[in-house]
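Reading through the structure tokens given below for one structure.
Where a number appears in this text, it was derived from the coordinates with a stated rule and is not lab data. Model, not experiment: these values are computed from the prediction. Backbone-built Cβ (ideal geometry, glycine too); neighbour counts: all protein chains shown.
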Ligand code: BV8
């Protein structure tokens with residue numbers, strides 16, 4: 001089975017015709033993705049990322065400046081283990097469907113909380129990374145990106161002497177202002193907002209679908225489980241994104257055939 005095919009493609013998800021019609025007529029679409037869209041690529045979602053060695057650590061203490069200050073080696077190695085796992089996986093049919101959907105709309109902004117580059121690897125172009133990217137490394141003092149560094153200690157050091165760290169946004173840190181501004185702009189001006197594979201617990205990302213709702217957009221959630229967004233959404237497609245998104249794309253193609 002190629003990694004891009006979903007193992008259960010024969011399972012049809014009930015997608016209301018009203019939703020297909022709204023999408024077929026839309027010109028501006030915004031999407032927010034979370035760890036759930038990468039689950040079918042084999043990357044554990046954020047809250048169950050702690051398997052094996054990491055079973056005894058709370059991610060919300062590791063993914064913080066305080067956690068890094070307290071034990072830079074542990075945090076650096078947690079990210080190194082996640083980075084190695086991400087290097088071994090491939091985008092799944094959900095990522096591929098979003099890359100195909102991008103080409104169908106006048107404006108399509110894909111905002112992700114994920115740090116795994118799988119949207120870009122699947123062919124999405126307009127990707128807004130709210131929480132950074134695990135494949136980039138920066139100086140913990142100067143905040144500049146560093147691409148070449150000696151691996152003789154963990155964490156490695158910047159030429160200035162400070163530790164290097166992953167270029168991701170930790171809890172308690174501000175999001176990149178330009179990324180957040182682009183995400184808010186897309187949420188406030190879209191006709192359709194898709195929230196995919198996120199528990200909608202982390203802010204300010206979790207505010208984006210609510211901003212879209214207040215601005216009059218149709219909000220669609222794709223998640224096997226209910227979340228705190230479910231009661232606000234106009235449509236909730238209760239299924240895996242790797243299954244639902246390709247079927248959504250098929251329906252759209254049929255509608256425009
Ligand atoms: C900030 C990078 C200013 C690092 C991450 C307002 C109110 C309350 C709290 C706050 C607030 N403002 C700020 C806060 C504090 C905090 C916060 O939100 N805390 C939460 C816990 C309450 N926010 C911050 O600190 C942010 N900074 O706002 O700065 C400030 C600062 C201090 C105080 C005030 C203001 C920075 C947040 C960014 C943190 N960095 N990632 C790393 O990855 O290591 S967050 C990380 O966790 C992810 O990026 C993501 O955002 C989050 C995990 O959420 P999900 O992606 O949704 O994943 P999760 O596992 O939770 O859920 C997966 C979902 O997928 C589930 O629903 C599941 O059902 C579904 N699923 C599973 N399989 C599938 C599927 N769906 C579809 N298909 C499938 N196959």
- Item | Distance-filtered residues of the stretch 65-94 - backbone nitrogen under 19 Å, label point 7 angstrom along residue 150 Cα→Cβ | 73
- Where labels lie 7 Å past Cα in the beta-carbon direction, separation of residue 14 and residue 178 in nm: 4.6
- Hydrodynamic calc, the stretch 41-159: Kirkwood Rh from Cα pairs, then Stokes-Einstein at 25 °C with viscosity 0.890 mPa s, so D in µm² s⁻¹ is 153
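Multiply the residue gap between residue 126 and residue 71 by 0.36 nm, knock off their C-alpha separation, and tell me the result in nm, one decimal place.
Numbers: separation 55, 0.36 × 55 = 19.80 nm, distance 3.55 nm.
This chain segment gains 16.2 nm when fully extended.
Counting other beta carbons within 10 Å of each Cβ, put 15, 144, 196, 115 in order, fewest first. Provide the component values of the computation, followed by the final result.
Working: 15 19, 144 10, 196 22, 115 26.
If I rank by nearby Cβ atoms, fewest first, I get 144, 15, 196, 115.
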- Exposure proxy ranking, count of Cβ atoms within 10 Å, fewest first, for 250, 116: 250, 116
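Can you figure out the FRET efficiency of residue 185 with residue 250, using R₀ = 35 Å and their beta-carbon distance, to the nearest 0.05? Please list the in-between numbers first.
Details: r = 30 Å, r/R0 = 0.86.
The computed FRET efficiency comes out at 0.70.
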